[in-house]
Every structure is written in C-alpha cells, then in structure tokens.
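Notes follow the structure.
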Amino acid sequence: MKNTQGMVNAFFAFLLVVILGIFFFNAINQPLGNGLVLNKDNPDLSKRVSIHYILKNVHNAEDYLAQHKSSYFRNRDKVKSSNLEFGKTKNAESGSANEVTSIVVNYRGFDTLGEVTVLFISILGLGMLLHENKKKYWAKPSLIVRTGANFLFPFIVLFGVYVFVHGHLTPGGGFPGGTIIASAALLLILGLKDFKNKLTMTKIIESLAGLTFAGLGLVGLFTNGSFLTNFLPSGTMGLLVSSGITALIYIAVGIKVAAELSSGIMEMNGGGEE
Amino acid sequence: MEIIGIILISIGVIFSTLGALGLIRMPDIYNRLQTSTKATTLGAFSTIIGVGFMHPAWLIKTILIAFFILMTAPISSHNLGKAAHKAGIPLTDKTQIDECPQKEENK
Amino acid sequence: MEKNNWFGRWIYSFIILSVGWLLFTFPYNQEELIVGLIASFVISLFTANFFKEFGLKSFSPMRIIGLILYIPYILWEIVIANLEVAKIVLSPNLPIKPAIVKAKTTLKSDFGKMLLANSITLTPGTLTLDIDGDDVYIHCLKIEDTSEENATKTITAKFEKHLRRFVV
Amino acid sequence: MNTLYWIWSIILSISILMVLTRFIKGPALPDRVISLDMFTTITTGLLVLISFFLNNYILLDVSLVYAVLAFISVLIMARYLESTNEEEK
C-alpha cells in the first residue's frame with residue numbers, strides 16, 4: 001500500500017515539473033521585440049501599461065497631455081512648475097504638504113495595502129505559534145505605577161491619534177501613530193493588576209479598518225476607473241482637511257496598525273488563555 | 001524674554017551636568033537615584049521651558065513636553081528603586097536604618 | 001465618598017481629552033477643533049473607565065485653583081532641594097547620612113497618594129520606595145532623626161497641606 | 001548666540017559621556033538601567049535645544065515621541081527586574 005502511495009506522489013511531482021518546464025520553455029522561446037516599442041521621437045504614451053498609474057490623480061498633467069500629447073517629453077523643461085505655498089496653494093496635484101505621504105499613500109497606495117497585509121499575516125502567524133502560550137508572570141504593580149498608567153493611557157492614545165491624523169502635514173503618519181498606540185497598550189499590560197487580553201475586540205477593529213482601506217480603493221475604481229484614485233477634491237495645501245483620500249487612508253492605516261501590534265503584544269503576554 | 005530663556009537653559013544644562021557627576025560619585029544605587037534622575041529631570045524641564053521662552057510661538061508645545069517629563073520621571077525612578085530593593089541590592093555602610101520590609105514573607 | 005457613575009467619568013474624560021487636543025495643536029482653527037472633538041469623543045468612549053476617581057465634581061473651582069497654586073509651589077520646592085543636593089555632590093567628602101524611614105499619610109484616594117509619592121520622589125533627597133496602605137517608605141539622602149513622627153512631620157505633612165485642597 | 005549654543009551642547013554631550021561611563025562600569029543591572037534613564041532624559045532636552053537652533057517645529061513632535069517611548073522602555077526594564085527576582089523563589 002505504502003509503495004503505491006509513494007508512486008502516486010512521485011508521479012504528481014513529475015507532472016508538476018513537466019508543467020513548470022513547459023512554462024519555462026514558452027517564456028524562453030518568446031520572440032524578442034514583440035512587446036511594446038516606443039518611438040523615441042514621438043512616444044505614444046497611451047500604449048504603456050503604467051499610463052494609468054502615471055496619470056492617476058494628476059489632473060494638471062492630464063490636461064496638459066490632452067493638449068500636447070505627442071511632445072510631452074520633449075517639452076518637459078518648458079512645463080512651468082507652479083510655486084507651492086503652504087496654506088495658500090489650492091487644488092495641487094496631491095494636496096498633502098508632506099511629500100513622503102503623498103508618495104507612500106497616493107502614488108503608491110497599492111504598496112501600502114500590501115505592507116499592511118504583510119503585517120497582518122505575520123501577526124496571524126505569531127498568534128498561531130503562541131496560541132498555547134502560558135500567561136506571563138508579572139509582579140504585582142505598586143499603587144503608583146498602577147495609578148500612573150491609568151492616568152497616562154488616554155493621553156498617549158490621544159497623542160497617537162494626533163500623529164496619524166496629521167500624517168499628511170507633519171512627519172509621522174499611520175505606522176508611527178499605530179506604534180505609539182500599541183506602546184500605550186504595553187503600558188496597560190505593565191501597569192494593571194489584572195489585565196485581560198481583549199483579542200477579539202482588536203481583531204474586529206482591525207478588520208473594519210482594513211475594509212475601509214479596500215472600500216476607499218473600490219470607490220475610486222468605480223468612479224474614476226483606477227484602484228485607489230483620489231475622488232475627493234485635494235483642497236488647500238497645509239490645512240487639516242485637504243489632500244482628499246490620503247488623509248482618510250492614513251487614518252485607516254493607523255487604526256489597523258495599532259490594532260495589529262496591540263494584538264501581537266497581547267499574544268506575547270499569553271493570549272491563549274482567557 | 002530672551003534673557004529669561006538664556007538663564008533657564010543655562011540652569012538646565014548646569015543641573016544636568018551635576019546630576020551626571022552625582023551618578024559617578026555616589027556609593028550605592030539608592031543614592032545614585034536620589035541625586036541623578038531628579039537633577040536631570042529638573043535639567044531637562046528648565047531647558048525645554050527655556051526654549052519655549054526664547055521662541056514664544058512654541059511655548060504651549062514645550063510646556064506639554066516638560067510636563068510629560070515631570071509626570072513620568074518619578075514613576076520610572078520609583079519603580080527602579082523598588083526593583084532594586086526587592087532584588088536585595090545592599091545599601092552602603094553609612095546607612096542608619098532600613099524600615100522597609102522585604103515583601104516576600106507576606107505572600 | 002460616593003462612587004462616580006459612568007456618565008460623570010465619561011464627561012470628565014471627554015473634556016480633559018479635548019483640552020489635551022487643543023494643547024497639541026496650539027495655533028488651532030475650526031477644522032482642528034471639529035476633528036479633535038470627534039477624536040476625543042471616540043477615545044473617551046473607550047477610556048472612560050480609566051479615570052476611576054474623577055467625575056463632575058472634579059471641576060469645582062476651588063479644586064482647579066488649588067491645582068494651579070500647587071504647580072509653582074512644587075517647582076520651587078524642587079529647585080531648593082536641587083540646590084541642597086548640588087552642595088552635597090560638589091563637596092569633596094560626601095556628607096551623606098542615608099536611611100529608609102517610614103511615614104504616615106492621611107490621604108485616602110489612589111490619585112492623591114500617587115501625587116504625594118511623585119512629589120516626594122521629585123524633590124531630590126527623598127525617594128518613595130513603596131506605599132502600603134497608609135505607610136509610605138522613603139529613602140532619605142540625609143536625615144538626622146529617623147523616627148516615624150519626625151519623618152511624617154518633615155516630609156509628608158508639608159505636601160499634604162497643599163495637596164488636600166484638590167484631592168481627597 | 002551661536003557660541004552659547006555650542007557651549008550648551010558641548011556641556012550636555014560631556015554629561016552624556018559621564019552617564020555612559022557609569023553604564024560601562026556599573027556593578028549591577030539596576031545601575032545600568034538608571035544610567036539609561038538619565039541618558040534618555042538628557043537626550044530629550046538636547047533634542048529640543050537642537051530643534052530650536054535648526055528652527056524646525058517638527059522636531060518637537062519627534063522629541064515628544066522619544067519621551068513617550070523612553071518612559072515605556074525604562075518602565076519595562078524596571079518591571080522585568082522586579083518580576084524575575086520573584087520568580088526564582
């Protein structure tokens with residue numbers, strides 16, 4: 001009996017190797033130069049795959065391209081770049097005063113979705129590994145530490161919220177803000193006498209925030225034809241309510257990261273037991 | 001306004017240095033905690049407030065940072081002292097009396 | 001002392017978090033104010049239980065005045081005590097006489113005890129090691145008389161006199 | 001003004017070096033944690049001073065984040081010292 005099973009396994013493995021080999025053979029045998037050829041003098045940008053991503057949310061450049069479609073790259077130096085001014089410029093391209101945020105969330109929003117997913121999967125693996133973990137032993141905290149932790153916890157959470165709400169104006173943003181909130185959860189574990197791991201609540205909050213992120217992307221897909229397009233006006237640069245969905249996405253990322261890291265900390269503290 | 005700021009920052013810098021000196025000179029852990037962390041807390045506090053006086057638009061934010069330090073520094077140094085006492089780290093020979101009970105018997 | 005109900009605690013935490021937000025974003029405008037109110041509303045729903053001993057009666061004007069008067073007092077104490085410690089550190093033969101003494105406190109609430117212990121710890125020369133009920137164990141840098149009455153009189157009582165204006 | 005700034009920052013750096021000597025020398029673990037605590041406190045002050053002389057409002061936020069994380073890390077060390085000692089018995 002054992003022998004036949006081994007034979008079946010070997011056969012399937014061989015089949016897999018053959019299929020892979022066919023794929024490789026096909027890929028190698030592709031005739032070169034059959035893809036996209038760009039004419040250097042007169043490039044047709046609409047043939048490029050990434051044209052949607054280049055033009056995503058770039059209203060001014062889109063208008064410009066519609067007029068001078070053929071000679072965009074040659075006249076690149078002549079495109080006058082407007083002077084951006086904090087608190088005065090209206091309807092800028094991305095609208096966020098912090099350039100890093102506009103690149104991370106707006107132009108490469110898909111990457112951020114992937115990063116958050118990677119974090120989610122790693123925390124899931126951590127929970128699987130540590131599921132049978134015993135409750136960690138902490139000595140009983142003294143009265144001063146207990147009261148101090150109780151008093152400081154809301155303010156640290158408020159500061160984390162401040163960091164990720166202002167992600168498009170100042171440095172920081174979703175990931176640092178979420179980390180600050182997770183450190184506040186760590187303070188609670190250190191300071192409370194009988195701390196109960198609230199794993200289900202963090203999981204629910206995390207899923208809601210992830211759904212918000214994906215939902216914002218889908219709204220962009222249905223209204224403007226590209227995933228994670230900015231469908232809101234970008235507003236005046238430098239104010240709190242500006243830069244369209246960049247701010248909303250960073251809030252969702254902040255809540256998601258906070259819930260993920262807190263649940264990771266709780267699982268290390270012995271989340272298996274209730 | 002600027003003169004107040006300069007004076008406050010100078011006081012802060014001097015007390016930070018004195019605290020570091022105390023950390024080197026004192027004989028045991030508890031005395032080191034006494035002289036060092038408290039002096040550096042005052043040093044950081046008055047440095048930060050001094051910066052706030054020299055740049056009045058930042059005053060609120062600097063006061064916030066300074067009070068955060070003032071709230072948190074005693075908590076952590078208290079817990080350090082308690083941990084050292086629980087670990088049974090000896091006091092100096094100059095110590096007169098130790099009335100704090102070792103907590104292990106109570107449990 | 002009656003227990004504060006959940007609503008009172010929630011109102012307290014909402015107000016104090018809004019004030020905290022306004023301090024974070026000081027040159028504030030209308031948008032910051034609205035976003036801050038929403039944020040502190042949501043946070044205070046979660047964290048109202050952490051302010052165990054506060055409620056609506058924490059806003060009585062006498063208490064706020066007492067709190068405001070306490071801050072310059074404690075800062076002055078810290079500066080004076082720091083100067084004394086600086087004298088000890090700079091003198092060549094280290095004139096210290098350390099001891100761990102026991103003192104009594106008459107404050108009842110947890111928050112009051114924490115403020116008392118923090119004040120004792122912040123003034124150099126004294127360090128709170130532990131609080132057990134009404135007993136406070138203090139490590140002193142330089143003390144002549146190590147009896148309990150003297151410690152109560154010289155260390156805890158002078159802070160309690162000011163603290164009693166705004167905490168129980 | 002500039003010379004004053006240099007004097008202040010050099011004195012603070014010297015005191016940080018003095019703290020680090022205790023960190024290397026310290027006979028027991030709590031000594032090292034105390035020197036870590038002092039190190040973070042002095043660094044917060046130095047960060048605020050630097051943010052003033054670079055005229056950069058943003059560094060104030062950074063120093064507040066630094067203060068929060070430093071407090072929690074020192075508290076973790078202290079609680080760890082407290083707990084391990086009791087577990088042996």
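Cα-based radius of gyration for region C:67-163, normalised by 2.2 N^0.38 Å, reads 1.08.
Place a point 7 Å from Cα of C:F59 in the direction of its Cβ. Which residues in region C:18-45 have their backbone N less than 13 Å from it? Within reach of a label on C:F59: C:18-19. For chain B, the Cβ-based charge dipole about the Cα centre amounts to some 180 debye (Lys, Arg positive; Asp, Glu negative; other atoms uncharged).
When the Cα atoms of region A:99-268 are aligned to their principal axes, the ranges along those axes come out at 56, 34, 21 Å in descending order.
Considering only C:S13, C:S60, C:S91, the mean-square fluctuation computed in a Gaussian network model of chain C, springs between alpha carbons under 10 angstrom, is largest for C:S91.
The trypsin sites (Lys or Arg not before Pro) of region C:123-168 that DSSP puts in a loop, and whose beta carbon has at most 16 other beta carbons within 10 Å, are C:R164, C:R165. Looking at this model, which pairs from A:K193/C:K108; B:K82/C:K142; C:K142/D:K25 are more than 23 angstrom apart at the alpha-carbon? Distance filter (> 23 Å) returns C:K142/D:K25.
Report the FRET efficiency, 1/(1 + (r/R0)^6), for A:V17 and A:F222, where r is their Cβ-Cβ distance and R0 is 51 Å, rounded to 0.05.
Values: r = 43 Å, r/R0 = 0.84.
For A:V17 and A:F222, the calculated efficiency is 0.75.
Test of understanding: given chain C, find the longest segment containing no GluC sites (Glu not before Pro) that are in a DSSP loop and have at most 10 other Cβ atoms within 10 Å. Working shown, then result.
Working: sites that count: C:E2, C:E144.
For GluC sites (Glu not before Pro) (loop position, at most 10 other Cβ atoms within 10 Å), the longest site-free span of chain C is C:3-143.
Computed over chain B, the P(r) tail beyond 23 angstrom holds 42 percent of alpha carbon pairs. Helix C:6-24 and the longest principal axis of the C-alpha atoms of chain C enclose an angle of approximately 80°.
What's the whole-number percent of alpha carbon pairs in region A:196-274 lying beyond 20 angstrom?
Details: 1434 of 3081 pairs.
Summing the P(r) tail past 20 Å for region A:196-274 gives 47 percent.
Across region A:221-253, the residues whose backbone nitrogen lies under 17 Å from the label position 7 Å along the beta-carbon direction of A:A214 are A:221-222, A:227-229, A:249, A:252-253.
Fully extending the segment from A:I121 to A:V8, taken as 0.36 nm per residue of separation minus the present Cα-Cα distance, adds 37.4 nm. Computed across region D:2-87, the Kirkwood radius stands at 14.4 Å (inverse of mean 1/r, all Cα pairs).
Spin-label model, C:L45 to D:R32: label points 7 Å out along the Cα-to-beta-carbon direction sit 4.6 nm apart. Here the gap between C:K87 and C:H162, fully extended at 0.36 nm per residue and compared with their Cα-Cα distance, gives a gain of 24.3 nm. The simple spin-label model puts a point 7 Å past each Cα toward its Cβ; for A:E132 and A:F231 those points are separated by 4.8 nm.
No value in this document is a laboratory result; all are computed from the given coordinates. Bear in mind the structure is a predicted one, so any value in this text is a computation, not a measurement. Positions of Cβ are backbone-derived with ideal geometry, glycine not excepted, and every protein chain shown enters the neighbour counts.
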